[in-house]
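The numbers here are math on the coordinates, done by the rules we state, and not lab data. Remember, it's a predicted structure, so these values are computed and weren't measured experimentally. Cβ placement follows ideal geometry from the backbone for every residue including glycine, while neighbour counts extend to all protein chains displayed.
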Amino acid sequence: MERLLEEHGVKPTPNRLLVARALAGSHHRPLSLKELEERLETIDKSNIFRALTVFREARLVHVLEDAGDGVRYELCHSHHDQVDDDVHVHFYCSRCHRTFCLEDTPVPPVKAPEGYAVETVSYLLRGVCPECAG
């Protein structure tokens, strides 16, 4: 985990490592700040948020807005400063209110009109996950 942080130019402090490990251990699910607080009982909310802010500025996390409780975070495994090759589709379950990474489903390319500079791409499917449907 230290190597991933260093590749993104982030100093691997103990709190940052804990936050990054929590995101990495989320089983392909982006986590909200509240979920991170629940997993990281030894770090307060402001320290978690500071780590996420540093990660965001270094392009170490993807920040998603879902249809549920707002913003979620996931580690970005891209190793490029200018090009994010870790962009994938997400799925929000309207029954259990969880968001899932569909890592094998790439975001379809969309060409923006001339004059528009795309900085991030978010592609969210909404419906019912297999666990809730079954």
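Once phi is turned into θ = phi - 60°, what whole-Hz ³J(HN,Hα) does the Karplus curve with 6.51, -1.76 and 1.60 give for every residue of segment 16-22, x standing for Gly and Pro?
For segment 16-22, the Karplus-derived couplings read 5, 5, 5, 5, 4, 5, 5 Hz, x marking Gly and Pro.
Return the distance in nm (one decimal) between the two label points of a simple spin-label model at residue 2 and residue 121, each offset 7 Å from Cα along Cα→Cβ.
It works out to 3.5 nm between the two label points.
At a Förster radius of 35 Å, what calculated FRET efficiency corresponds to the Cβ-Cβ distance of residue 97 and residue 13, to the nearest 0.05?
0.65
Please sort 116-124, 4-12 by packing, taking for each peptide the average over its residues of neighbouring beta carbons within 10 angstrom, highest first.
Highest mean packing first, the order is 4-12, 116-124.
What distance in nm lies between label points placed 7 Å from Cα along the C-beta direction at residue 131 and residue 47?
2.9 nm
Let's see if you can work this out: charge +1 on each Lys and Arg Cβ, -1 on each Asp and Glu Cβ, no other charges. What is the dipole magnitude of segment 2-133 about its Cα centre, in debye to the nearest 20?
For segment 2-133, the charge dipole is close to 320 debye.
For residue 11, give me every one of the lysines with a C-alpha distance below 25 angstrom, ignoring sequence neighbours fewer than eight places off in its own chain.
Straight-distance partners of residue 11: 34, 45.
Pick from 56, 39, 95 the residue whose mean-square fluctuation is largest in a GNM of the chain, springs joining Cα atoms under 10 Å.
95
5 Å is the cut-off here: which amide hydrogens, built 1.01 Å from N in the peptide plane, fall below it relative to residue 102, excluding neighbours closer than 5 in sequence?
Excluding prolines and chain starts, which carry no amide H, the hits are 89, 90, 91.
Over 26 Å, how big is the tail of the calculated P(r) for segment 2-133, in percent of all Cα pairs?
24 percent
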